[in-house]
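Any read-out appearing in this document is the output of simple, stated calculations on the displayed coordinates, not a laboratory observation. Not measured: the values here are computed from a predicted model. Using ideal geometry, Cβ is built from the backbone for each residue, glycine included, and neighbour counts are taken over all protein chains shown.
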Amino acid sequence: MSSARRVRDGARPPIRLLRNLSSKIAAIPMVLVGLGVFVGGTLWTVLHSFTDSRLLPRLNWVGLDQYERLWSTRRWLVSIENLAVYGIVSLVLTMCLGFFLAALLDRKIRYEDTFRTIFLYPFALSFIVTGLVWQWILNPEFGIQAIIRGLGFQNFNFDPLYNPDLVIIGLLIAGLWQGTGLIMVIMLAGLRGIDEDIWKATRVDGIPIWKTYIIVIIPMMKPVFVTALVLVTSGIVKLYDLVVAMTAGGPGIASEVPAKYVYDTLFTRQNLGQGFAASTMMLVTVAIILIPWAYMQFREKRQ
Amino acid sequence: MTNSIEIKDLKLSFGAVTVLEDLNLEVGQGEFLVLLGSSGCGKSTLLNCIAGLLDVTDGEIHIQGQNVTWEEPSRRGIGMVFQSYALYPQMTVEGNLTFGLKNARVPKDEIAKRIARAAEVLQIEPLLKRKPGALSGGQRQRVAIGRALVRDVDVFLFDEPLSNLDAKLRADLRVEIKRLHQTLKNTMIYVTHDQVEAMTLADRIAIMRGGQIMQLAHPSEIYNRPVNKYVAGFIGSPAMNFMEGQLDGGAQRFDTGRGLEFSVQGYEFVGPPTTGPVWLGLRPEHVQSGKWAEDQPVQMEALVDMVEPMGSDTQVWAKVNGQELRFRMDGQEAVDIGDRIPIGFDPARLSLFDKSTENRL
Amino acid sequence: MTAAVTTPRGARPKNPFAPRNIMLYGALIIFSIYYLLPLYVMLVTSLKDMAEIRVGNIFSPPVEITFQPWVKAWSEACTGINCDGLSRGFGNSVRILIPSLILSVSVAALTGYVLACWRFRGSEVFFGILLLGAFIPYQVLLYPLVIILREMGLFGSLWGLVLVHTVFAMPINVLLFRNYFVALPEELFKAARVDGAGFWGIFFRIVIPMSLPIFVVSGIIQVTGIWNDFLFGVVYTRPENYPMTVQLNNIVNSVQGVKEYNVNMAATMLTGLVPLAVYFFSGRLFVRGIAAGAVKG
Ligand SMILES: Nc1ncnc2c1ncn2[C@@H]1O[C@H](COP(=O)(O)OP(=O)(O)OP(=O)(O)O)[C@@H](O)[C@H]1O
Ligand SMILES: [Mg+2]
């Protein structure tokens, strides 16, 4: 009896593993998801990208064969090129447009809330909805092309969804429509965080507004820009739904993207090894973008 | 000689809220004017109106004889120093100082000359190549002053420049600002809610309340002859004692009606002495006690309620015939709760305010 | 002489049609048109009949308003296998949404609580791993999850999808909850512990009642995220369990039959209505939510 009491009194430390038992039980989902799904799943996929798995995964090593085949597949090369073009253009335009809209809203305008609501609402919609609407608006028979031809410009041509050279533009129009609102909101929060006195000081110094933005305000918003950059980039890598809804990869394979390549390879062409190799390449892409960013964050924290 | 700044019938509203109304102010050449008042009384608003950072609703603002009511801030001939410094963080100190000048296309050698001078006056030469992030609060504020200095203007506006600094730095920089004013002899308008800063720096103090200037006068005048009860209570630390009572203008006697009654002979009335309910104000430091009470015109006995020894002096809370009274004693005097000590004061140093208008009698 | 004009007094004269204002509001209005156009086109197209669409242009308002396309989209449109419209997808989406929402928010809140208030050795490491998960492209994990669900016997069922949503919701939502809970005053926990409350007592009686805003924010992120999901729906459910987005895509992009653009647009609008309603009703909270969720994507 008495010895049991003494343990409860804390004379002897309780067993470490049992301390905070409830919290450890509550942490089980996190551990399972983190280790089991994220780490385990990633390792599994990377591992199987070195095998010749087809219909079912199996550990029959073939070294880098899958990667060699991947990089000699035209469809993959087109996908990568599309992603690069879409990614760079969309990144630049989203940042510029997002900042521009935020700056407009920050000029103490009337109906600010209304404009903000208008610019942001597309973000609530799915890429499927976005893609289908713009598919309709860009429809050459009924949409913008037809209307402008109807105005008398018979030679006007704008049918991005049916023209392999322009199809990325079609995707960009829809993607920007959906995504700029978010960046605008983030930039606006950044602008609102800038000390009012800085603006006053530039007025006393007689600096024109556009110059104030470029020389003073934008450099002050570096962290906001970095966040926006990471956000847009990780969104771009995931680009899939929009393509499926808008073009289904067409015309031909002109608008294929890596995420779609992976899906199709895994689930419709049942070439698992190849799909794993492609998804590993996507992971590598993200890592290439992310590691410098993480390094920067880490260095800033240390300072 | 014209005034440096003239403000005529200034009114400023934010929508339905009127912050400043019918405000008139004249500031002489080279004068150091302090705007003093509690938080939210409109000091910053007034300063921003002078700077042109806020559009006035009505009235006129003249600087150096020019009507600048509609002028851009940069063209009013003013320099401004902000509470949060508002330095451009990604530019060096030198960049901060030259940014406005370069933008105004001031010739290079002229810029160099002004920077050199400002750096010398403010002793920031070693800091010129650093960025604001690598400076201490005091150094930052010096750079902020420097940014106003290089503009080579007649009027300096300061909005609580020292209130982000700790007490010691504040005292140091206060002296420096005073020295700066003596060297440059510019007109300066300085907003603060620190009375020590106001008393030590100002040629004249404007006490503000609710968007209006209550009193505009030399610091000693404000301290000795406050125009109303608000000003009297605002200036001075510890605050003035107030007693409610009846004044007999003919006999020049004051009566609390609760057992305390004394003569106010020697008080300088603004107008003819009146009879009626009044507030009587007596500064704690004007009450003499112990043996120094003996030669005072008015004498009484106080019962000590509480004692706060501060070292150099001792603050005493006491009761005089039921009336609360706070005063200061020499720190070396021995005094205890429950002691009865003689006190006295000179009616010439009193302040009397009408009970209803609260204006000085 | 017009000397009277030259003494400035009062407010600087403002010209509402100054070039600056025209440019400012002009730009705002042009961009508003770009953002509003699709919504408008979607609406007017869905209210026209096919004859009118073939002759008219997509921007003109309907001559004769018809709700037939909406009815058809809801109950008759064909997805390739069956022809009972979007109503089935709507039902599926609701049946996916509700358990996913409850499960994902509760798991995230509980995990955030552990990480904020009951740290143990290694908890930060697991948190780091979890956050890294937010940056792994979904494609990398698609197949491993198929295997896991198959092992659990959940592949193809609604519950499998619920689990997938919960897994992928964890990084962002745990971060949100953890950061919110960390900011709660620490004295509160100490006081509660002195009063004898334990892990669950503090969670239910102190933390949850104080955290309504963050639950709403997380809820908004989850409702829109789950409702708008397409990829997981296609991968982890069987056709009879497809959520609304997948069904919508199948209806609109099906190659058989004549294209009925009005029905397509009605279906598109129907699918967008739920997140739009969330957006318009939660207003500022939505902005806060996505900004918070966006802080690290
Ligand atoms: N943009 C604004 N809109 C509405 N009211 C305002 C605005 N700016 C200031 N005010 C109001 O005007 C009054 C005066 O403000 P001001 O900033 O001038 O006070 P202050 O005397 O400088 O106070 P402090 O010592 O705290 O700086 C305050 O009551 C404030 O609430
Ligand atoms: Mg102020």
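Values computed for the structure shown
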read-out: 3J(HN,Hα) from dihedral phi, segment B:136-145, Karplus parametrisation 6.51/-1.76/1.60, rounded to Hz, x for glycine, proline; value: 7, x, x, 5, 4, 5, 4, 5, 4, 5
read-out: Euclidean distance of C-alpha centroids, segment C:82-114 and segment B:29-63, integer Å; value: 59
read-out: Sequence-distant residues sharing a close amide H with residue B:339 (under 5 Å, placed H); value: B:304
read-out: Relative packing of A:77-85, C:182-190, B:298-306, which averages over residues the other C-beta atoms within 10 Å, highest first; value: A:77-85, B:298-306, C:182-190
read-out: Helix-derived mean residue ellipticity, 222 nm - over chain B, DSSP H n ≥ 4, -39500 (n - 2.57), to 500; value: -7000 deg cm²/dmol
read-out: Calculated from backbone phi, Karplus (6.51, -1.76, 1.60) coupling profile of segment C:273-279 in Hz, x at Gly/Pro; value: 5, 4, x, 5, 4, 4, 4
read-out: Most to least packed among C:18-26, B:251-259 [average Cβ atoms within 10 Å]; value: B:251-259, C:18-26
read-out: Label-point separation, residue B:123 to residue A:268 (7 Å along Cα→Cβ), nm; value: 7.7
read-out: Residue order, fewest to most beta carbons within 10 Å, for B:190, C:40; value: C:40, B:190
read-out: Per-residue ³J(HN,Hα) for segment B:10-19, Karplus 6.51 cos²θ - 1.76 cosθ + 1.60, θ = phi - 60°, Hz, x for Gly and Pro; value: 5, 9, 9, 10, 9, x, 8, 8, 9, 9
read-out: Sites residue B:349 and residue C:182, calculated FRET efficiency, Cβ-Cβ separation with R0 60 Å, nearest 0.05; value: 0.55
read-out: For C:35-44, mean number of other protein chain Cβ atoms within 10 Å; value: 5
read-out: Free-standing Cys, chain C [no other Cys Cβ under 4.7 Å]; value: C:117
read-out: Burial ordering of B:111, A:183, B:145, fewest other beta-carbon atoms within 10 Å first; value: B:111, B:145, A:183
read-out: For A:36-46, mean number of other protein chain Cβ atoms within 10 Å; value: 6
read-out: DSSP-defined antiparallel bridges as percent of all bridges, the protein assembly as shown, nearest 5; value: 75
read-out: Cα Rg, Dmax, the protein assembly as shown, angstrom units; value: 37.5, 118
read-out: Most mobile listed residue (B:60, B:244, B:333) in chain B, GNM with C-alpha springs under 10 Å; value: B:333
read-out: Residues listed by number, segment B:274-298, amide nitrogen under 15 Å from residue B:252 label point at 7 Å toward C-beta; value: B:274-275, B:297-298
read-out: Segment A:179-233-segment C:201-230 distance, computed between alpha-carbon centres (Å); value: 31
read-out: Length released on extending from residue A:21 to residue A:166, taking residue separation times 0.36 nm less the Cα-Cα span; value: 46.3 nm
read-out: Amide H within-cut-off set for residue B:80, under 5 Å, with H built and near neighbours excluded; value: B:157
read-out: Ranking of C:200, B:317, A:136 by count of other Cβ atoms within 10 Å, fewest first; value: C:200, B:317, A:136
read-out: Charge dipole (segment C:175-236, unit charges on Cβ, about Cα centre) - positive-most of C:226, C:203, C:182; value: C:203
read-out: Residue (of B:219, B:278, B:257) at the positive-pole extreme of chain B, dipole from beta-carbon charges; value: B:219
read-out: Net dipole in debye of the protein assembly as shown [+1 Lys, Arg Cβ; -1 Asp, Glu Cβ; about Cα centre; nearest 20]; value: 3020
read-out: Magnitude of the charge dipole, segment B:3-233, Cβ model with Lys/Arg +1 and Asp/Glu -1, debye to 20; value: 840
read-out: Compactness index (Cα Rg / 2.2 N^0.38 Å), segment C:143-256; value: 1.47
read-out: Built amide H within the under 5 Å cut-off of residue B:30, gap 5+; value: B:187
read-out: Using alpha carbons only: equivalent-ellipsoid semi-axes of segment C:19-66, gyration tensor based, whole Å; value: 31, 9, 7
read-out: Choice from C:229, C:195, C:49 with maximal GNM fluctuation in chain C (Cα, 10 Å cutoff); value: C:195
read-out: Paramagnetic reach from residue C:240 in segment C:74-96 [backbone N under 18 Å; point 7 Å along Cα→Cβ]; value: C:79-96
read-out: Per-residue average of Cβ from other chains inside 10 Å of C:212-219; value: 0
read-out: FRET E, pair residue C:216, residue C:33, Förster distance 35 Å, beta-carbon r, rounded to 0.05; value: 0.60
read-out: Computed FRET value (nearest 0.05) for residue A:64 with residue C:134, which takes r as the C-beta separation and R₀ as 25 Å; value: 0.30
read-out: Cα lying deepest toward the dipole's positive end in segment A:101-171, options A:156, A:114, A:137, charges on Cβ; value: A:114
read-out: Ordering of A:108-118, A:92-102 by burial proxy (mean other Cβ atoms within 10 Å per residue, highest first); value: A:92-102, A:108-118
read-out: Label-point separation, residue A:299 to residue B:294 (7 Å along Cα→Cβ), nm; value: 7.9
read-out: Distance cut-off 25 Å, percentage of C-alpha pairs in segment B:238-354 lying past it; value: 21
read-out: Residue of C:193, C:88, C:178 that the Gaussian network model of chain C assigns the largest fluctuation, springs spanning Cα pairs under 10 Å; value: C:193
